[in-house]
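Participant: Take a look at this one; I'll ask things after.
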Amino acid sequence: MTFDVIAAVDDIPGFLYPREIAHLYALASEIPQGGTVVELGCYRGKSTTALAYGAQSQSGKLHTIDPFEGVMVGNIEVSKGYANEVIDRIQRLSYGSLFTLHVGYSHEVVKDWQRGRIDLLFIDAEHSYESVARDLADWSPLVTDTGRIALHDHNSNWPGVQLAVAEFITRHNWRIISQVEGLVTLERNTNDA
Ligand SMILES: C[S@@+](CC[C@H](N)C(=O)[O-])C[C@H]1O[C@@H](n2cnc3c(N)ncnc32)[C@H](O)[C@@H]1O
């Protein structure tokens, strides 16, 4: 029987549509054995948990990064207490030391990143053009040659996300490989493409 990831994260507050949850899970399930997933913007751990279920099937490492200090994205409020809530959720999956939660801003955490290269980067942090463009510029060089970048809210409600992605793929050697609801996924162009 196929694992029902949508049901498994149903009780966690968050902003993902069911098809987005299923797709994130599938992306994390496709990393290489022992690979690494990094999430920017965790909130209460809905996407984090979907990624964890997927990465766990590959004994993959999962890092999530969030300052947990009231940064507003749209109308949401983020409380300090959510960090422990997320740690509890992921530890219930018996994830052990493969899971690391970093309390901090993506642009700060990246400066000291010593956790190796990334097979799947999921960006769902601050949604302004400037912030998404900075996250793409800071983190994309850490993604492996065959790795992927997924971003949430790539839709007309968030023109900054759309503009940052459009500029990024125009200026760099990346392309869109899928769009599921507001979840867009990018891959590097291969030289012979
Ligand atoms: C839309 S919520 C994330 C939702 C979550 N990915 C989910 O689907 O359940 C955005 C989160 O990004 C966090 N955030 C805002 N700016 C950030 C930054 N520069 N680095 C990391 N996280 C950030 C906020 O604290 C908030 O928790």
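The values are calculated or read from the model by the stated rules, or taken from the named source; none is laboratory data. On a predicted model such as this, the values are computed, not experimentally measured, just so you know. Positions of Cβ are backbone-derived with ideal geometry, glycine not excepted, and every protein chain shown enters the neighbour counts.
Participant: Pick from the stretch 37-73 the residues that are touching a Lys or Arg at 6+ places or on another chain (Cβ under 6 Å) and part of a loop (DSSP other than H, G, I, E, B): which of them is surrounded by the fewest Cβ atoms within 10 Å (Cβ to Cβ)?
Facilitator: Step by step, filter the stretch 37-73, then rank; the result is F68.
Participant: Of the numbered conditions (1) β-branched (V, I, T); (2) over 13 Å from the mean Cα position of the chain (by Cα); (3) surrounded by 23 or more Cβ atoms within 10 Å (Cβ to Cβ), I76 satisfies every one except a single condition; which is it?
Facilitator: The number of the failed condition is (3).
Participant: If you don't mind, another one. Output the residues belonging to the stretch 53-76 that are at pLDDT 95 or above, near the ligand (Cβ under 8 Å from one of its atoms) and of a type in the set (V, I, T).
Facilitator: Within the stretch 53-76, just I65 meets the criteria.
Participant: Restricting the search to the stretch 105-154, which residues are at positive phi and within 9 Å of the ligand (Cβ to nearest atom)?
Facilitator: Answer for the stretch 105-154, where residues must be at positive phi and within 9 Å of the ligand (Cβ to nearest atom): just D153.
Participant: Here are some conditions: (1) of a type in the set (D, E, K, R); (2) within 22 Å of L151 (Cβ to Cβ); (3) without any contact (Cβ under 8 Å) to a residue 12 or more places away in the chain. R92 meets all but one. Which one does it not meet?
Facilitator: Only one criterion is unmet by R92, namely (2).
Participant: Can you pull out the residues in the stretch 87-118 that are assigned to a loop (DSSP other than H, G, I, E, B), closer than 17 Å to C42 by Cβ and hydroxyl-bearing (S, T, Y)?
Facilitator: Y95, Y105
Participant: Can you name the number of the only condition in (1) modelled with pLDDT of 95 or more; (2) of a type in the set (G, A, S); (3) on the phi < 0 side of the Ramachandran plot that G81 fails?
Facilitator: If we test G81 against (1) modelled with pLDDT of 95 or more; (2) of a type in the set (G, A, S); (3) on the phi < 0 side of the Ramachandran plot, just (1) comes out false.
Participant: Determine whether the stretch 18-36 contains at least one residue that is at pLDDT below 95, within 13 Å of the ligand (Cβ to nearest atom) and loosely packed, with under 14 Cβ neighbours inside 10 Å.
Facilitator: no
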